[in-house]
Ligand code: MG
């Protein structure tokens, strides 16, 4: 975590940490970092997006960069546009799945990949330095381009099967920009689309923008009531997708990701897929069966993207529904993933619940232990030492992950709260519970020992 950038760009409640002044400074720093060039700027539906967009654009042009304002778009629309049009960078004004009072600024590279933590550190240094203004005739220009959504829609349609005749699909757009992409794509694919929360509104009157089961009751009900074949939901900026089966049941995050991995390996042959350390062991099982290999990354889509690039993976994702299809672009793309899933149903001619029934599902236990922020580094070092004494298969990509014969345990400090988080997955509920208790105890003892 840096001074301004957190786990996903600059983000806070509007007016608290993220202000128009900070947005101006961030825009100027990106302009200085790039030297010159052309930058696309997009925004989601939040009511303060226009203010922040104006500030970022002002900062960029004040350092001599030209700007293409692509308006109200999904984050993957921005990523796709920057990559397709060969621009130098992108800026997205969004707070993703956070409540309406939040907003954020995230930077993107020319290939549609988010700025790495190293790049963000460089931007922070520039933000804290003195910047000079250019000559009067060296300020940048701003042009509007309303075609970005079309570019995205076309790019998705190039990738999927277009014969969804007879499929009825309910799409919950979260009052976000996905309303301009996912329903359009699915109709072009030949599906009948029923859309929910498809009017853009930054107050999010339909539901909270995080696509978790408790926020998707309307979607589940509508799938059942309309006898639909599938339900789809996005978060506020549509880099995420989740699914509801034709029975109106929320499709498990890990099981759907495992299904996607299996299909990609079927299509493209054995290869590597990247998932974060928190993803289920069902992914390992499915990928191994298909002759593929799993690369584990830190939690966060930027880390998954980096691993895809470094390891040459053919697919990557996180259980929360951010999936990256590197053959298209490097930004997690909810509408593309949604169309891809519909394409799978079209080709298989079987409902999602049936496909998911072939994927095993394992019980997960999540626990927390209180730990003051300042003790976290010492506690984590001690936890690692204790675990290395007791176990052979330890991974420290993000926190400490212990691989067991019948499951795994992940211990990570929380990035936002004074807690250490413990995730356990095992083959049976009893075993998961037992491991949960055992590791909570171990972490508690480490916290006490460090305190003394
Ligand atoms: Mg998002």
- Is it the case that some residue within the range 125-135 is over 24 Å from residue 87 (Cα atoms) and under 19 Å from the mean Cα position of the chain (by Cα)? no
- Can you tell me which of 171, 162, 184 is touching a strand residue (DSSP E or B) at 6+ places or on another chain (Cβ under 9 Å), outside any strand (DSSP E or B) and not assigned by TED's automatic domain parsing to the domain that holds residue 49? 184
- Note on the structure: In the range 320-343, anything surrounded by fewer than 20 Cβ atoms within 10 Å (Cβ to Cβ) and touching a helix residue (DSSP H, G or I) at 6+ places or on another chain (Cβ under 6 Å) is listed as 326
- Which numbered condition residue 115 fails, given (1) surrounded by fewer than 21 Cβ atoms within 10 Å (Cβ to Cβ); (2) more than 28 Å from residue 215 (Cβ to Cβ); (3) outside the structural domain of residue 191 (by TED's automatic domain parsing): (1)
- Members of the range 89-103 found to be surrounded by fewer than 24 Cβ atoms within 10 Å (Cβ to Cβ) and over 16 Å from residue 211 (Cα atoms), listed by number: 89, 101, 102
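Out of 267, 255, which single residue is surrounded by fewer than 21 Cβ atoms within 10 Å (Cβ to Cβ) and either part of a helix (DSSP H, G or I) or within 16 Å of the ligand (Cβ to nearest atom) (or both)?
It is 267.
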- Query: For the range 194-252, what are the residues that are in a helix (DSSP H, G or I), within 26 Å of residue 72 (Cβ to Cβ) and away from the ligand (no atom under 16 Å from the Cβ)?
  - Reply: 218, 219, 222
- Can you tell me which of 79, 42 is within 14 Å of the ligand (Cβ to nearest atom), assigned to a strand (DSSP E or B) and buried (at least 24 other Cβ atoms within 10 Å of the Cβ)? 42
- Message: Against the condition closer than 14 Å to residue 103 by Cβ, at pLDDT 95 or above and in a helix (DSSP H, G or I), how does residue 61 come out, does it pass?
- Response: no
- Would you mind stating whether residue 113 is within 16 Å of the ligand (Cβ to nearest atom) and farther than 21 Å from residue 175 by Cα? yes
- Quick check, is residue 156 crowded, with 23+ Cβ neighbours inside 10 Å and within 16 Å of the ligand (Cβ to nearest atom)? no
- Query: Among the numbered criteria (1) without any contact (Cβ under 8 Å) to a residue 24 or more places away in the chain; (2) surrounded by fewer than 19 Cβ atoms within 10 Å (Cβ to Cβ), which single criterion is violated by residue 404?
  - Reply: (1)
- Task: Tell me which residues, restricted to the range 93-124, are assigned to a loop (DSSP other than H, G, I, E, B) and under 14 Å from residue 300 (Cβ atoms).
- Result: 96, 97, 113, 115, 116
- Among (1) on the phi < 0 side of the Ramachandran plot; (2) surrounded by fewer than 21 Cβ atoms within 10 Å (Cβ to Cβ); (3) outside any helix (DSSP H, G or I), which single condition is residue 70 missing? (2)
- Task: Need at least 1 residues that are without any contact (Cβ under 8 Å) to a residue 40 or more places away in the chain and in the same structural domain as residue 185 (by TED's automatic domain parsing) per element, so show me which strands (runs of 3 or more DSSP E) inside the range 281-395 make the cut, counting only ones lying wholly within it.
- Result: 293-297
- Message: Being touching a residue at least 12 places away in the same chain (Cβ under 8 Å) and more than 28 Å from residue 146 (Cβ to Cβ) is the requirement here; does residue 13 meet it?
- Response: yes
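The values are calculated or read from the model by the stated rules, or taken from the named source; none is laboratory data. Since this is a predicted model, take the numbers as computed values, not measurements. Because the Cβ atoms are built from the backbone with ideal geometry, glycine has one as well, and the counts that use them run over all protein chains shown.
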